[in-house]
Every structure is written in C-alpha cells, then in structure tokens.
Amino acid sequence: SRKLIVGAAQLGPIARNETRARAVARMVELMHQAHARGASLVVFPELALTTFFPRWYMEDQADIDAFFEQEMPGPETQPLFEAARELGIGFYLGYAELALEAKTPRHFNTSILVDASGSIIGKYRKVHLPGHSEHEPWRPFQHLEKRYFEPGNTGFGTTQAFGGTMGMALCNDRRWPETYRMLALQGVELMMLGYNTPIHYPPVPAHDHLQGFHNHLCMQAGAYQNGMWVVGVAKAGKEEGCDLLGQSCIIAPTGEIVAMASSQEDELITYECDLDRTCEIREHIFNFDLHRRPETYGLITDP
Ligand code: CDT
C-alpha cells in the first residue's frame with residue numbers, strides 16, 4: 001500500500017481589508033497542525049490569499065490587479081514555502097495569478113503544487129470559469145470570474161509526487177465530469193480542488209438549499225466513476241456579507257466521504273489516503289481498458 005496523510009485546510013472568511021500576511025499566517029498555523037498529525041500534504045482553498053473579489057464589479061484595472069500575485073513566492077507568500085521546508089510538508093494553493101507572457105498581462109485563476117522542499121512542482125490554471133463578464137446590477141453580489149480571468153491554458157496536467165500521480169482542479173471544475181476523466185485517463189490517483197461557493201445562486205435561487213448536496217454529489221461521483229481520491233477544500237463562512245459553503249471533505253475512490261469539516265472557520269481535517277485503493281475501482285468496475293467505449297463518445301470532443 002502507498003499511504004499518505006493528507007490535510008484539507010479549510011479557511012474561514014477573509015475580509016476585503018485583510019492583508020496577505022494575515023491570511024498566510026492563518027495558513028501556516030494550519031500547516032503546523034497538519035505536521036502534528038503526520039500529514040505530508042496540505043490542500044488550501046481557491047483564491048486563498050484574499051477575499052473572493054469577483055463578487056464586486058470594478059473598472060479600475062489597478063484595483064483589480066491588487067488582488068493578483070505577480071510573483072510566487074513573493075514577500076508575503078514566502079512564509080508558506082519556508083513552513084513547507086521546515087515541516088517537510090507539501091501544499092496545494094489557489095491564488096489569482098498575473099503573468100507577463102510576451103509582454104502581455106495575463107490573468108488566471110491558478111493553483112500550484114509545492115513539494116516538501118518548498119519547490120513549485122506543478123501549476124494549473126482554471127479551465128471552467130463560471131459566472132458572467134458584464135456588470136449585472138440586479139444581483140445582490142456579482143460573480144465576475146469571466147471578466148477578471150481568462151480560461152486556463154495549462155490543460156489538465158499531472159505531477160508525480162507524494163508517492164503517486166497528483167492532479168489539480170479549481171472550484172467550478174468539480175461540477176464537470178470531463179475534469180475528473182481527463183485526469184483519470186492520465187492516471188491521477190488524488191485530485192486536489194479548492195473552492196469558493198456562494199450559497200445563494202442568484203439566477204436560480206430555488207436551488208440555494210441544494211448547494212451542499214450538489215457540492216458532494218459531483219465530487220463523490222467524480223471520485224467513484226474515476227477511481228480516485230478527491231480532496232475538496234472550501235473558503236467558508238460569511239465573507240463580506242456573502243455566505244460561502246463549507247463542507248470541505250476527503251473522498252475515497254469508492255465515493256465515500258471519509259472526513260468532513262464541521263465548521264465554517266479555519267479547520268483542518270486529515271485522513272490517511274492509501275493510493276493503492278484506486279485499484280479497487282480501476283481494476284474492476286471502472287477498468288477503462290476493458291469497459292470504456294471511446295469510439296462511441298465522439299460528440300464529447302467534436303461538438
Ligand atoms: N469559484 C467558483 O467557481 N464558484 C462557483 C460558483 C457557482 S456559479 C456562479 C462554483 O461552481 O462553486
């Protein structure tokens with residue numbers, strides 16, 4: 001068996017005026033807790049360094065860029081990398097990335113994977129950007145991811161680390177079966193995903209009471225149908241008046257939730273994940289080589 005103790009480090013709300021330094025200090029504290037429990041990998045939420053800023057319409061690019069990181073690590077995020085080295089723990093971190101490519105500024109909703117030596121060993125830029133791109137004043141709050149980010153250009157890659165094959169995704173990606181399948185087809189055994197999910201969904205408020213159900217439904221189905229561990233981690237609680245879903249969880253390849261956060265605050269949950277348990281599913285009920293019929297799935301890639 002290939003066992004590793006994984007921590008899902010849920011964060012409570014981050015206020016608009018909270019500094020990066022303060023958010024990072026909260027995360028370093030969770031890394032210390034994870035170390036005390038023997039964890040070798042900690043998963044943080046999406047956009048973990050700031051408040052969930054796409055809830056506001058902003059016109060001034062400087063105001064928008066203030067939520068983005070131009071270097072990673074930078075002076076304020078350096079303590080996370082130092083803690084990784086000191087404690088011998090890797091981490092997944094979601095943040096807003098401002099990259100300069102061919103002298104052009106590019107804005108992405110990004111996650112990185114950092115190993116126990118504090119080196120960045122993987123990067124993923126969010127593919128499925130939800131929400132809208134124009135100001136919609138009828139909403140009680142905006143969801144302007146389509147305005148502030150461009151769709152990720154990394155594809156769904158994998159990283160060999162922590163004794164297995166690791167994959168990353170971000171928030172809305174978890175609702176799309178293609179995310180899990182793209183990763184599973186490349187052998188991913190553990191998928192890490194951070195999220196910020198408002199409980200109120202303005203276009204269809206009748207579904208608000210289903211947010212928790214849909215959150216687990218898609219991740220449990222993705223884990224089972226692809227025989228992989230899924231670690232889903234929230235930024236939770238009432239953030240600037242907006243209720244964000246908690247329920248961070250670790251899901252086994254059987255689709256069972258084996259650990260779940262019970263608060264809306266900073267909270268660490270841990271579980272010893274045996275990566276070999278992916279075989280229970282992948283060598284049997286969802287043995288891709290034996291049972292998939294890709295020749296009949298053309299519509300999925302040729303719309
Ligand atoms: N951050 C993110 O992707 N949130 C979406 C909100 C729902 S759509 C506006 C999610 O899928 O959880």
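Computed as a quarter of the hull surface, the mean projected area of the alpha carbon convex hull for region 208-293 stands at 6.8 nm². Each DSSP beta bridge with both residues in the chain is either parallel or antiparallel, and the antiparallel ones are about 65%. In order along region 135-150, the Karplus-derived 3J(HN,Hα) couplings, from 6.51 cos²θ - 1.76 cosθ + 1.60 at θ = phi - 60°, round to 5, 10, x, 5, 6, x, 8, 8, 9, 9, 4, 5, 7, 8, 10, 9 Hz, and Gly and Pro are given as x.
Peptides 231-238, 115-122, 15-22, 40-47 ranked from most to least packed give 40-47, 231-238, 115-122, 15-22, packing being the mean of other C-beta atoms within 10 angstrom over each peptide's residues. Mean projected area of the convex hull spanned by the Cα atoms of the chain, taken over all viewing directions: 16.0 nm².
Here TYR297 and GLN160 are evaluated by their C-beta separation; at R0 = 45 Å the FRET efficiency comes out at 0.95.
Entry note, the chain: the mean residue ellipticity at 222 nm calculated from DSSP H runs of n ≥ 4, each adding -39500 (n - 2.57), is -6500 deg cm²/dmol after division by the residues and rounding to the nearest 500.
Length available on full extension from GLN33 to LYS146: 0.36 nm per residue minus the Cα-Cα distance, which gives 37.1 nm.
Annotation: amide H of ALA48 within the under-5 Å range of GLY94, TYR95, sequence separation 5 or more or interchain, hydrogens built in the peptide plane. For the cross-link pairs LYS3/LYS238; LYS103/LYS238; LYS3/LYS146; LYS103/LYS146, the ones whose C-alpha atoms lie over 32 Å apart are LYS3/LYS238; LYS103/LYS238; LYS3/LYS146. 3J(HN,Hα) along region 283-293: 9, 10, 4, 10, 6, 4, 4, 7, 10, 5, 10 Hz, from the Karplus curve 6.51 cos²θ - 1.76 cosθ + 1.60 with θ = phi - 60°, whole Hz, x for Gly and Pro. Pairs of Cα atoms nearer than 8 Å and 6+ residues apart set the relative contact order; for the chain it is 21 percent. Model label points for ASP208 and ILE5, set 7 angstrom from Cα along the Cα-to-Cβ axis, are 4.0 nm apart.
Normalising by residue count, region 1-118 has a Cα convex hull of 119 Å³ per residue. The relative contact order of region 189-274 comes to 28 percent, based on Cα pairs under 8 Å that sit 6 or more residues apart. Surface analysis of the chain yields an accessible area of 42 Å² per residue, using protein heavy atoms and a 1.4 Å probe. Taking the Cα centre of region 1-55 as origin and assigning +1 to Lys and Arg Cβ atoms and -1 to Asp and Glu Cβ atoms, the resulting dipole is close to 80 debye. In this rough spin-label picture, where each label sits 7 Å from Cα along the Cβ direction, the TRP138-HIS216 distance is 3.4 nm.
At the listed q of 0.10, 0.12, 0.17 Å⁻¹, the Debye profile of region 163-270, built from one uniform point per Cα, gives log10 I(q)/I(0) equal to -0.27, -0.39, -0.76. Rounded to the nearest 20, the Cβ-based charge dipole of the chain about its Cα centre (Lys and Arg +1, Asp and Glu -1) stands at 340 debye.
Using Cβ point charges alone (K and R +1, D and E -1), the dipole size of region 162-264 about the Cα centre works out to roughly 100 debye. For the pair region 208-254 / region 258-286, the C-alpha centres are spaced 12 Å from each other.
Rounded, prolate or oblate: which fits region 88-242, taking a ≥ b ≥ c as square roots of the Cα gyration tensor eigenvalues, rounded meaning a/c under 1.5, else prolate when a/b beats b/c? Oblate shape, in that a/c is at least 1.5 and b/c is the bigger or equal ratio.
Peptide packing: for 286-299, 24-37, the average count of neighbouring Cβ atoms within 10 Å per residue gives the ranking 24-37, 286-299, highest mean first.
The values are calculated or read from the model by the stated rules, or taken from the named source; none is laboratory data. All values reported here derive from a predicted model rather than from experimental measurement. Here the Cβ is made from the backbone with ideal geometry for all residues, glycine too, and neighbour counts use every protein chain on show. Just so you know, the surface numbers come from the protein's heavy atoms only, side chains and all, with ligands and any DNA or RNA stripped out. Shrake-Rupley method; radii C 1.70, N 1.55, O 1.52, S 1.80 Å.
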